[in-house]
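S.K.: Can you keep this structure in mind? I'll have questions shortly.
The values are calculated or read from the model by the stated rules, or taken from the named source; none is laboratory data. Note that this is a predicted model, so its numbers are computed, not measured. Ideal geometry is used to build each Cβ from the backbone, glycine not excepted, and the neighbour counts take in all protein chains shown.
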Amino acid sequence: PYNSDPEHPEAMGIEVREKVVNGEELTITMTKIKMVDLPLGATEDRVCGTIDIEKALTEGVKAFEPGLLAKANRGILYVD
């Protein structure tokens, strides 16, 4: 979910790195570089990410909801 680079395991997200360690095959998709706009009034949790409260309350599990930095990983975060 974070545009991990299959050539550099040390820079991968935790979930992807665990798959590599367990010997699972990764699905590799070539995409265009993303350009993510940073809105003027963006809050800290919108930029960095936050805990998914809905999933925590309904399913009882901790879940991270990625922010704009994760979305822009290996792409461009445009700050105007």
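S.K.: Regarding residue 70, is this residue in contact with a strand residue (DSSP E or B) (Cβ under 9 Å, 6 or more places away or on another chain), of a type in the set (A, V, I, L, M) and in contact (Cβ under 8 Å) with a residue 60 or more places away in the chain?
M.R.: yes
S.K.: A further question on this structure: If you check residue 20 against the conditions, is it of a type in the set (A, V, I, L, M, F, W, C) and closer than 21 Å to residue 74 by Cα?
M.R.: yes
S.K.: Which residue pairs have Cβ atoms closer than 6 Å, lie 6 or more positions apart in sequence or on different chains, and pair a first residue in region 34-45 that is over 12 Å from residue 67 (Cα atoms) with a second residue that is surrounded by 13 or more Cβ atoms within 10 Å (Cβ to Cβ) and among the small types (Gly, Ala, Ser)?
M.R.: 34/75
S.K.: So residue 2 ticks every box in (1) in contact with a Pro (Cβ under 8 Å, 6 or more places away or on another chain); (2) part of a helix (DSSP H, G or I) but one. Which box is left unticked?
M.R.: Every condition holds for residue 2 apart from (2).
S.K.: Return only the number of the condition from (1) of a type outside the set (D, E, K, R); (2) exposed (fewer than 10 other Cβ atoms within 10 Å of the Cβ); (3) part of a helix (DSSP H, G or I) that residue 56 does not satisfy.
M.R.: (2)
S.K.: Sticking with this structure for a sec: Every residue in region 59-73 that is surrounded by 13 or more Cβ atoms within 10 Å (Cβ to Cβ) and not aliphatic (A, V, I, L, M), please.
M.R.: 64, 65, 66, 67, 71, 73 - these are the residues of region 59-73 that are surrounded by 13 or more Cβ atoms within 10 Å (Cβ to Cβ) and not aliphatic (A, V, I, L, M).
S.K.: Quick one: residue 23 ticks every box in (1) at positive phi; (2) under 16 Å from the mean Cα position of the chain (by Cα) bar one, so which box is it?
M.R.: Exception for residue 23: condition (2).
S.K.: Related question: Among residues belonging to region 25-44 that are farther than 17 Å from residue 2 by Cβ and not aliphatic (A, V, I, L, M), point out the one that is modelled with the lowest pLDDT.
M.R.: Only one residue fits best here, namely 25.
S.K.: In region 12-47, what residues are outside any loop (DSSP other than H, G, I, E, B) and surrounded by 13 or more Cβ atoms within 10 Å (Cβ to Cβ)?
M.R.: Once the filter is applied, which keeps residues that are outside any loop (DSSP other than H, G, I, E, B) and surrounded by 13 or more Cβ atoms within 10 Å (Cβ to Cβ), region 12-47 yields 16, 17, 19, 20, 36, 37, 46, 47.
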